[in-house]
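Asker: Let me give you the structure first, and then I'll get to my questions.
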Amino acid sequence: MLSFTEERTGKNCVLAIEGELVATTLDTIKSKVRELIGGGVSTITFDMTRSEAIDSAGIGFIAAAHNSLVKSGGSLKLTGLSKDMYDFFVCLRMHTHFTIETR
């Protein structure tokens with residue numbers, strides 16, 4: 001299961017994710033990200049502090065969100081990653097495209 005809360009300040013938005021960012025849970029958050037970008041948000045931070053797992057579809061979603069934000073002049077940031085998730089993102093070299101931070 002996946003849930004998230006939204007904290008928006010101007011063109012910046014933090015989505016605090018709780019649960020699993022996996023193929024079966026992505027529809028709602030995909031819609032939210034499209035809505036935010038369409039509404040003029042230029043920076044999205046995914047707070048992963050309470051995220052339990054991520055799969056290849058979740059990685060693909062994050063990459064697509066990054067690409068959409070960059071096309072509109074914005075940026076993406078991941079915060080609150082567990083050490084294992086952080087190491088995984090570094091292994092995928094995602095840290096060369098956007099900011100990632102551990103808990």
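Asker: Would you please name the residue that is nearest to the chain's Cα centre (by Cα), looking only at residues in the stretch 36-58 that are surrounded by 16 or more Cβ atoms within 10 Å (Cβ to Cβ) and part of a helix (DSSP H, G or I)?
Answerer: In this case the residue turns out to be GLY58.
Asker: Oh, and also: Report, by residue number, each residue of the stretch 59-103 that is exposed (fewer than 13 other Cβ atoms within 10 Å of the Cβ), of a type outside the set (Gly, Ala, Ser) and closer than 16 Å to VAL33 by Cβ.
Answerer: ASN67, LYS71
Asker: Here's something else I'd like to know. What are the residues in the stretch 68-86 that are touching a Leu at 6+ places or on another chain (Cβ under 9 Å) and not hydroxyl-bearing (Ser, Thr, Tyr), if any?
Answerer: Scanning the stretch 68-86 gives LEU69, VAL70, LEU76, MET85.
Asker: Also, quick follow-up: Out of (1) touching a residue at least 12 places away in the same chain (Cβ under 8 Å); (2) not in a strand (DSSP E or B), the odd one out for VAL90 is which?
Answerer: (1)
Asker: Could you count how many residues in the stretch 8-35 are surrounded by fewer than 17 Cβ atoms within 10 Å (Cβ to Cβ) and under 22 Å from VAL70 (Cβ atoms)? Spell out how you get there, then give the answer.
Answerer: Going through the stretch 8-35, the residues surrounded by fewer than 17 Cβ atoms within 10 Å (Cβ to Cβ) turn out to be 8-12, 18-19, 23-24, 27-28, 30-32, 34-35.
Still in the running and under 22 Å from VAL70 (Cβ atoms): 8-12, 30-32, 34-35.
So the count comes out to 10.
Asker: For the stretch 67-87, which residues satisfy the criterion of being out of contact with any helix residue (DSSP H, G or I) (no Cβ under 8 Å at 6 or more places or on another chain) and part of a helix (DSSP H, G or I)?
Answerer: Residues of the stretch 67-87 that are out of contact with any helix residue (DSSP H, G or I) (no Cβ under 8 Å at 6 or more places or on another chain), as a first pass: 67, 70-71, 73, 77, 79-80, 82-87.
Correct list: ASN67, VAL70, LYS71, LYS83, ASP84, MET85, TYR86, ASP87.
Asker: Among the residues of the stretch 1-35, write down those that are assigned to a helix (DSSP H, G or I), touching an Asp or Glu at 6+ places or on another chain (Cβ under 9 Å) and farther than 15 Å from ILE54 by Cβ.
Answerer: If the condition is that a residue be assigned to a helix (DSSP H, G or I), touching an Asp or Glu at 6+ places or on another chain (Cβ under 9 Å) and farther than 15 Å from ILE54 by Cβ, then LYS32 is the only one that fits.
Readers should treat all values here as calculations from the given coordinates under stated rules, not as data from a laboratory. Predicted, not measured: the structure shown is a model, and the values here were computed from it. Methodologically, a virtual Cβ is constructed for each residue, glycine included, from the backbone with ideal geometry; neighbour enumeration extends over all protein chains shown.
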